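Participant: The structure follows.
The values are calculated or read from the model by the stated rules, or taken from the named source; none is laboratory data. What you are looking at is a predicted structure, and each value in this text was computed from that prediction instead of being measured. Neighbour counts are summed over all protein chains in view; Cβ atoms, including those assigned to glycine, are modelled from backbone coordinates with ideal geometry. What goes into the accessible areas is simple: the full protein's heavy atoms, side chains included, and nothing from ligands, DNA or RNA. Shrake-Rupley method; radii C 1.70, N 1.55, O 1.52, S 1.80 Å.
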Amino acid sequence: MRVFRGRGPTIEADREASACLLEVATGGERAVRVWTPHRQLAFGRRDRRCNGYDRARAAAREAGFPPVERDVGGRAVAYDGETTIAFARAEPIEDFRRGTDERYERLTDDLERALAGLPGLDRERLARDEPPDAFCPGSHSLSTASSGGADPTALAKVAGIAQRVRQDAAIAAGMAVLESAYGALGVPFDPDSVGSIAAAGGPAEPDVVRAALEEALVGDLEPSVEPVAALLDAGETEGS
């Protein structure tokens with residue numbers, strides 16, 4: 001299992017590194033990346049079809065979040081550049097028409113195991129569900145039960161998972177933690193639905209969470225650790 005650490009020097013370079021992760025899988029190898037992306041607001045494919053998309057991009061810029069467009073996922077997600085962690089696992093596949101649900105389930109299992117193993121975070125508070133009007137709503141999410149407030153059963157979303165499949169490779173990815181640009185898009189959004197690992201009693205240090213996620217995504221395979229620059233260098237070589 002090839003493991004790439006770090007982030008690219010710019011938003012563009014970092015996004016290119018993630019794209020190259022899929023190329024590694026196309027070449028027949030599995031790869032994992034867990035990192036802290038640059039500060040940005042990443043819009044999904046569905047966002048681009050909204051009438052308020054240009055206003056949403058402007059709102060993101062005003063809030064200090066450079067707007068970008070991503071290939072994986074449906075709705076916008078925000079990265080603060082410091083404490084929001086992204087993760088991705090790419091693998092070769094034989095038939096792009098099969099295995100999607102199984103890959104979602106494996107990644108959700110691994111993510112849940114990693115978070116449940118964090119010091120201070122109670123596994124009983126983790127739920128494979130999400131609250132109403134959550135950021136980037138989807139079928140594959142992890143949330144935590146509230147530790148207080150009027151409704152102790154209320155959920156706060158801490159992680160969402162998306163997937164991109166090509167004919168010979170697939171990448172399953174997500175982010176673990178907006179008032180955001182959702183208003184301009186006309187998409188329902190409840191700021192209270194956004195949770196965090198620290199708020200759920202887990203560690204506040206990104207490196208601790210990153211290491212736990214990386215270990216869970218690698219699993220029983222032997223990791224071969226490389227800097228993210230190796231991905232970028234490989235991409236430049238293939239493009240030349």
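Participant: When the stretch 127-147 is examined, which residues are found to be part of a loop (DSSP other than H, G, I, E, B) and open to solvent by 20 Å² or more (accessible area, probe 1.4 Å)? Before you say what the answer is, go through the steps one by one.
Facilitator: Taking the stretch 127-147 and keeping what is part of a loop (DSSP other than H, G, I, E, B), we get 128-140, 146-147.
Within the stretch 127-147, Arg128, Asp129, Glu130, Pro132, Asp133, Cys136, Pro137, Gly138, Ser139, His140, Ser146, Ser147 qualify.
Participant: Here's a follow-up. Determine whether Ala212 is touching a Gly at 6+ places or on another chain (Cβ under 7 Å), closer than 15 Å to Thr36 by Cα, at pLDDT 90 or above and surrounded by 14 or more Cβ atoms within 10 Å (Cβ to Cβ). I'd like the intermediate steps shown before the answer.
Facilitator: On the way: touching a Gly at 6+ places or on another chain (Cβ under 7 Å): yes; closer than 15 Å to Thr36 by Cα: yes; at pLDDT 90 or above: yes; surrounded by 14 or more Cβ atoms within 10 Å (Cβ to Cβ): yes.
Yes, satisfied.
Participant: Also, quick follow-up: State all residues of the stretch 131-146 that are at pLDDT 85 or above and of a type outside the set (S, T, N, Q); if no residue qualifies, say none. Give the steps one after another, and end with the answer.
Facilitator: Of the stretch 131-146, the ones at pLDDT 85 or above are 141-144.
The one that is at pLDDT 85 or above and of a type outside the set (S, T, N, Q): Leu142.
Participant: In addition: Say whether the condition of being more than 15 Å from the chain's Cα centre (by Cα) and aliphatic (A, V, I, L, M) is met by at least one residue in the stretch 40-47.
Facilitator: Of the residues in the stretch 40-47, the ones more than 15 Å from the chain's Cα centre (by Cα) are 45-47.
Pick out the ones that are also aliphatic (A, V, I, L, M) and you get none.
No.
Participant: Please work out if Leu121 is modelled with pLDDT of 85 or more and part of a strand (DSSP E or B).
Facilitator: On the way: modelled with pLDDT of 85 or more: yes; part of a strand (DSSP E or B): no.
Against the criterion (modelled with pLDDT of 85 or more and part of a strand (DSSP E or B)), Leu121 does not qualify.
Participant: Could you say whether any residue in the stretch 174-187 is in a helix (DSSP H, G or I), at pLDDT 75 or above and buried (at least 22 other Cβ atoms within 10 Å of the Cβ)?
Facilitator: Yes, the stretch 174-187 contains at least one residue that is in a helix (DSSP H, G or I), at pLDDT 75 or above and buried (at least 22 other Cβ atoms within 10 Å of the Cβ).
Participant: Does Arg15 qualify as being modelled with pLDDT of 95 or more and either under 22 Å from Ala170 (Cβ atoms) or of a type outside the set (D, E, K, R) (or both)? Spell out the reasoning first.
Facilitator: Details: modelled with pLDDT of 95 or more: no; either under 22 Å from Ala170 (Cβ atoms) or of a type outside the set (D, E, K, R) (or both): yes.
When the stated conditions are applied, Arg15 does not pass them.
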